[in-house]
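The values are calculated or read from the model by the stated rules, or taken from the named source; none is laboratory data. Quick caveat: nothing in here was measured; it's all calculated off a predicted structure. Every residue, glycine among them, receives a Cβ derived from its backbone with ideal geometry; neighbour counts consider all protein chains shown.
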Amino acid sequence: MAEKKALRDVYGEVLVELGERDPRVVVLDADLSKSTKTEKFAKKFPDRFFEMGIQEQDMMGAAAGLASTGKIPFASTFAIFAAGRAWEQVRLSIAYARFNVKIVATHAGIATGEDGASHQMTEDIATMGAIPGMVVLSPSDATSTRAAIYAAYRYHGPVYVRLVRPKAPILYSEPFEMEIGDVRKIKDGDDVTLIATGLLVHEALKAADLLEKQGISVKLYDFITVKPLNNEALRDAASTRYGIVTCEDHVVWGGLGANVAARLSELGLSRPMRFVGLRDVFGRSGSTEALYEHYGLTGKHIAEKALELVKNG
């Protein structure tokens, strides 16, 4: 069984590494440092850690102010608060001024589980991606999380990094570097393309196994960068015989799939598509596994969508 590690644990570790190498790095949190793992930085660099309390909007404003002085702020809380409650401050105080702020939000998607709809942010790709100039990253495992946080640090401008609550299997055994815009091709095939992000990459891998057992050749991409979209990868994704299935723990409206479809149309590469994600619904309380089954986000469901393309092809 694959080793698992929480993405937020990796985030905490990388913050300490960045703090050791760059005195400009500062960290802000909104009363959730134990959950977001920013407490690791707080213990090592207490004079560069700012506990803002339950004041997420204030935290984003403070992060913007710190960035204006040349600091590199990492602001963290749950995704529901970063991309929901504090959205106006992110839009105007950070993005409009193009301040160099990194917003790393944990507990995204229905994978947040038992906390229920009030804490399951399933709209953040849409809300944060709609902000002009905002980069959106969504890693799938510990290794890609490390690569994404370092890429965000090196990039000058606002970045939103979407992390989940549960531990995830380690997919990439070897460390790698990435830059903003990079994605990872996991499998190459001719029949169907699966484009996935976050935890759904692991479900897409299960789907690929099910499909390959039926003689269907699968191309699989991990879209670590959700915005900006990688046109070269999309051209390659559109080259399969029957079409594309997008996979995300997010509502389909304004999510990865909708944006992929729009970009393919712009590129003149419209293909038959299916979308695995939440429809026009909120989440509910339950384990990640039970919720993924209930809302059709499992490998089995992804494979079924791919088979629809094959049968209609």
**Request:** Tell me which residues, restricted to segment 162-199, are of a type in the set (Gly, Ala, Ser) and part of a loop (DSSP other than H, G, I, E, B).
**Result:** SER173, GLY181, GLY189, GLY198
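Pick out the one residue from GLY65, GLY12, GLY61, GLY19 that is among the small types (Gly, Ala, Ser) and surrounded by fewer than 16 Cβ atoms within 10 Å (Cβ to Cβ).
Result: GLY65 is the single residue among GLY65, GLY12, GLY61, GLY19 that is among the small types (Gly, Ala, Ser) and surrounded by fewer than 16 Cβ atoms within 10 Å (Cβ to Cβ).
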**Request:** Consider ALA79 carefully, then state whether it is within 25 Å of ARG165 (Cα to Cα) and crowded, with 24+ Cβ neighbours inside 10 Å.
**Result:** yes
**Asked** Do we find that VAL183 is in contact with a Gly (Cβ under 7 Å, 6 or more places away or on another chain) and modelled with pLDDT of 95 or more in this structure?
**Response** no
**Request:** Kindly check whether there is at least one residue in segment 146-163 that is modelled with pLDDT of 95 or more and touching a Ser or Thr at 6+ places or on another chain (Cβ under 7 Å).
**Result:** yes
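Quickly run through segment 72-91 and pick out the residues that are in contact (Cβ under 8 Å) with a residue 40 or more places away in the chain and farther than 18 Å from PRO139 by Cα. Explain how you work it out, then say what you get.
The first filter runs over segment 72-91 and keeps only residues in contact (Cβ under 8 Å) with a residue 40 or more places away in the chain, leaving 72-84, 87, 90-91.
Matches in segment 72-91: ILE72, PRO73, PHE81, GLY84, TRP87, VAL90, ARG91.
Give segment 84-113 a look and list any residue that's assigned to a helix (DSSP H, G or I) and aromatic (Phe, Trp, Tyr), or say none.
TRP87
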**Message:** Among (1) charged (D, E, K, R); (2) over 24 Å from ALA258 (Cβ atoms); (3) in contact (Cβ under 8 Å) with a residue 24 or more places away in the chain, there is one condition ARG21 misses while meeting the rest; what is its number?
**Reply:** (3)
**Complete:** Among (1) assigned by TED's automatic domain parsing to the domain that holds ALA111; (2) over 16 Å from THR145 (Cβ atoms), ILE216 falls short only on (1)
**Message:** Can you pull out every residue in segment 148-164 that is touching a residue at least 60 places away in the same chain (Cβ under 8 Å), more than 18 Å from GLN120 (Cα to Cα) and buried (at least 22 other Cβ atoms within 10 Å of the Cβ)?
**Reply:** ALA148, ILE149, PRO158
**Message:** Just to verify a result, which residue in segment 118-135, among those that are part of a loop (DSSP other than H, G, I, E, B) and of a type in the set (A, V, I, L, M, F, W, C), is surrounded by the fewest Cβ atoms within 10 Å (Cβ to Cβ)?
**Reply:** ALA130
**Prompt:** Which residues, taken from segment 80-132, are at pLDDT 95 or above, in contact with a helix residue (DSSP H, G or I) (Cβ under 8 Å, 6 or more places away or on another chain) and hydroxyl-bearing (Ser, Thr, Tyr)?
**Reply:** SER93, THR106, THR122, THR127
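For (1) under 13 Å from the mean Cα position of the chain (by Cα); (2) free of Cβ contacts under 8 Å to residues at least 40 places away in the same chain; (3) over 23 Å from ARG284 (Cβ atoms), each residue gets a yes or a no:
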{"site": "SER93", "(1), (2), (3)": "no, yes, yes"}
{"site": "LYS102", "(1), (2), (3)": "no, no, yes"}
{"site": "THR106", "(1), (2), (3)": "yes, no, no"}
{"site": "ALA111", "(1), (2), (3)": "yes, no, no"}
{"site": "ALA117", "(1), (2), (3)": "no, no, no"}
{"site": "ALA130", "(1), (2), (3)": "no, no, yes"}
{"site": "GLY133", "(1), (2), (3)": "no, yes, yes"}
{"site": "SER140", "(1), (2), (3)": "yes, no, yes"}
**Request:** Could you tell me whether any residue of segment 219-229 is modelled with pLDDT of 95 or more, over 20 Å from ARG162 (Cβ atoms) and not β-branched (Val, Ile, Thr)?
**Result:** yes
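Show me the helices (runs of 4 or more DSSP H) found entirely inside segment 1-79 where at least 3 residues are at pLDDT 95 or above, within 22 Å of ILE110 (Cα to Cα) and of a type in the set (A, V, I, L, M, F, W, C). It would help to see each step written out before you state the result.
Values: elements: 7-21, 33-36, 39-44, 56-68.
Correct list: empty, since no element meets the threshold.
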**Message:** Which of the numbered conditions does GLY181 fail, given that it passes all the others? Conditions: (1) surrounded by fewer than 19 Cβ atoms within 10 Å (Cβ to Cβ); (2) out of contact with any Lys or Arg (no Cβ under 8 Å at 6 or more places or on another chain); (3) farther than 24 Å from TYR160 by Cβ.
**Reply:** (3)
**Members of segment 9-39 that are over 19 Å from ARG154 (Cα atoms) and among the basic types (Lys, Arg)** = LYS34, LYS37
**Request:** Taking ARG271 as meeting all but one of (1) basic (Lys, Arg); (2) out of contact with any Gly (no Cβ under 8 Å at 6 or more places or on another chain); (3) over 21 Å from ASP124 (Cα atoms), write down the number of the exception.
**Result:** (2)
